[in-house]
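Report on one structure; see the data block that follows.
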Amino acid sequence: MNTLSQESLDLIFTHARTHNGWKNQPVADELLQKIYDHMKWGPTSANASPARIVFVKSQAAKDKLIPCMAPGNAEKTKAAPVTAIIAEDMEFYEKLPKLFPHADARAWFVGNSELIEKTAFRNSSLQGAYFMIAARAFGLDCGPMSGFDNAKVDAAFFGGTKWRSNFVCNLGYGDPAKLYPRSPRLSFDEACRVL
């Protein structure tokens, strides 16, 4: 059975931290593409793959994003080399003839707004988690946040589209000197049941 080494598990999970401070070190576009090209293989319902990602790197794009952030998240976002806006495409089902060709999966969603909403949110959130795992696997640190104004982000970046922001994630090479003490996690017995 193939498994990851403990070193790899430490990189992705055990030793990984949510970063608030960033080194002045750029992140190459080629690395962002490599991250996407790996995270896209994570499973989603009916292979729907509703996540869409905007990588905010330029000063002009940052100037649009910073006013959308909650006050406590603005400076860390300004300092991050890249901020990924993880969005959900509310017309993801239009891609299903390509992504799920062995059934008429598009018909399951057309006109069913409740199913569209639930599927887009659940699966774009899953893909956002895959994204962070892939970013960490390629040596980047992550700072995911939900402290921002979704409506402002959507107006600034997704006007005229069916994309809608889910959460944002700062990316780069974290400054360990700016980490908070690590918070605890629930134990297996507190969080899990085996029936």
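In the condition set (1) surrounded by fewer than 18 Cβ atoms within 10 Å (Cβ to Cβ); (2) in contact with a Phe, Trp or Tyr (Cβ under 8 Å, 6 or more places away or on another chain); (3) of a type outside the set (Ser, Thr, Tyr); (4) assigned to a helix (DSSP H, G or I), residue 144 is compliant with all but (4). Spot the failing condition for residue 93; the list is (1) part of a helix (DSSP H, G or I); (2) within 30 Å of residue 14 (Cα to Cα), and only one is missed. Here residue 93 meets the rest and fails (2). Candidates in the range 42-71 are the residues that are touching a strand residue (DSSP E or B) at 6+ places or on another chain (Cβ under 9 Å) and assigned to a helix (DSSP H, G or I); of these, the one that is most open to solvent (accessible area, probe 1.4 Å) is 64.
Restricting attention to the range 24-70, the residues being more than 23 Å from residue 147 (Cα to Cα) and in contact with a helix residue (DSSP H, G or I) (Cβ under 7 Å, 6 or more places away or on another chain) number 10.
Okay, residues lined up against (1) touching a residue at least 40 places away in the same chain (Cβ under 8 Å); (2) polar (S, T, N, Q); (3) closer than 20 Å to residue 161 by Cα; (4) touching a strand residue (DSSP E or B) at 6+ places or on another chain (Cβ under 9 Å):
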| residue | (1), (2), (3), (4) |
| --- | --- |
| 77 | yes, yes, no, yes |
| 84 | yes, no, yes, yes |
| 88 | yes, no, yes, yes |
| 108 | yes, no, no, no |
| 121 | yes, no, yes, yes |
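In the set (1) hydroxyl-bearing (Ser, Thr, Tyr); (2) open to solvent by 70 Å² or more (accessible area, probe 1.4 Å); (3) in contact (Cβ under 8 Å) with a residue 24 or more places away in the chain; (4) within 25 Å of residue 61 (Cα to Cα), residue 125 fails one condition alone, (2). Step by step: first the residues of the range 3-19, then only those that are open to solvent by 40 Å² or more (accessible area, probe 1.4 Å) and in a loop (DSSP other than H, G, I, E, B), then the one that is nearest to residue 174 (Cα to Cα). Which residue is that? Result: 17.
Which residue, of 70, 74, 87, is among the small types (Gly, Ala, Ser) and within 17 Å of the chain's Cα centre (by Cα)?
Being among the small types (Gly, Ala, Ser) and within 17 Å of the chain's Cα centre (by Cα) holds for just one of 70, 74, 87, which is 87.
The values are calculated or read from the model by the stated rules, or taken from the named source; none is laboratory data. Predicted model only: the values in this text are computed from it and were never measured. In this analysis, Cβ positions are derived from the backbone assuming ideal geometry, glycine residues included, and neighbour counts consider all displayed protein chains. Each accessible area value is taken on the protein alone, full model and side chains, heavy atoms only, with ligands, DNA and RNA left out. Shrake-Rupley method; radii C 1.70, N 1.55, O 1.52, S 1.80 Å.
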